[in-house]
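In what follows, a structure is listed as structure tokens, so that the remarks can point back to it.
The numbers here are math on the coordinates, done by the rules we state, and not lab data. This is a predicted model, so every value here is computed, not measured. Cβ placement follows ideal geometry from the backbone for every residue including glycine, while neighbour counts extend to all protein chains displayed.
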Amino acid sequence: MALSKSARKVLKVLARRGAPEVLFALSRGASRFSDLESLLVLSPRTLAERLREFHLLGFVERRAYPEVPPRVEYILTPRGKRVLDFLRGLEDVLEPKEEVR
């Protein structure tokens with residue numbers, strides 16, 4: 001059984017620098033770009049690229065508020081939360097289990 005084109009595309013995006021870290025940071029709740037920037041060790045360009053990719057994939061919602069100065073928040077969508085659960089499950093599978101004696 002081969003992976004679908006969309007599954008391969010998602011895995012490719014998730015393998016990029018900082019992608020899992022951005023999702024885990026957004027799991028804490030709505031965040032502004034500057035909050036994510038200070039929390040993560042990513043260049044502003046890389047962070048912007050990951051947020052844009054996740055937005056296009058439907059993992060992140062970008063909320064822009066008509067204020068001065070402009071305010072933009074990023075929030076995980078239900079689809080993004082499922083991907084995050086998948087990553088946590090993958091971590092559980094790959095984490096070596098200690099044997100109980």
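Work out which GluC sites (Glu not before Pro) in the chain are exposed loop sites (DSSP not H, G, I, E or B, at most 14 other Cβ within 10 Å) and give the longest gap free of them.
Values: sites that count: GLU67, GLU98, GLU99.
Maximal segment without exposed cleavage sites: 1-66.
Taking H as built 1.01 Å from N, whose amide H comes closer than 5 Å to the amide H of THR77, not counting residues under 5 places away?
Here the answer is VAL60, GLU61, since their amide H atoms fall under 5 Å of that of THR77.
Between ALA15 and VAL72, what is the label-point separation in nm under the 7 Å Cα-to-beta-carbon projection?
Placing both labels 7 Å along Cα→Cβ, they lie 2.8 nm apart.
Which value in deg cm²/dmol, rounded to the nearest 500, describes the helix-derived mean residue ellipticity at 222 nm for the chain, given -39,500 (n - 2.57) per DSSP H run of n ≥ 4 and division by the residue count?
-17000 deg cm²/dmol
Report, in whole Å, the centroid distance computed from the Cα atoms of the range 81-97 and the range 15-79.
What the calculation gives is 21 Å, centre to centre.
Could you calculate the contour length gain from ASP35 to LEU56, that is, 0.36 nm times the residue separation minus the distance between their Cα atoms, to one decimal place in nm?
Values: separation 21, 0.36 × 21 = 7.56 nm, distance 2.10 nm.
Extending this stretch completely gives an extra 5.5 nm.
Based on the alpha-carbon gyration tensor of the chain, what equivalent-ellipsoid semi-axes (square roots of 5 times the eigenvalues) come out, in whole Å, largest first?
Taking √(5λ) for each Cα gyration eigenvalue gives 28, 17, 13 Å.
Over 25 Å between C-alpha atoms is what I'm after, so list which of LYS12/LYS97; LYS12/LYS81; LYS5/LYS81 land there.
Details: LYS12/LYS97 28 Å; LYS12/LYS81 18 Å; LYS5/LYS81 21 Å.
Too far apart for the 25 Å limit: LYS12/LYS97.
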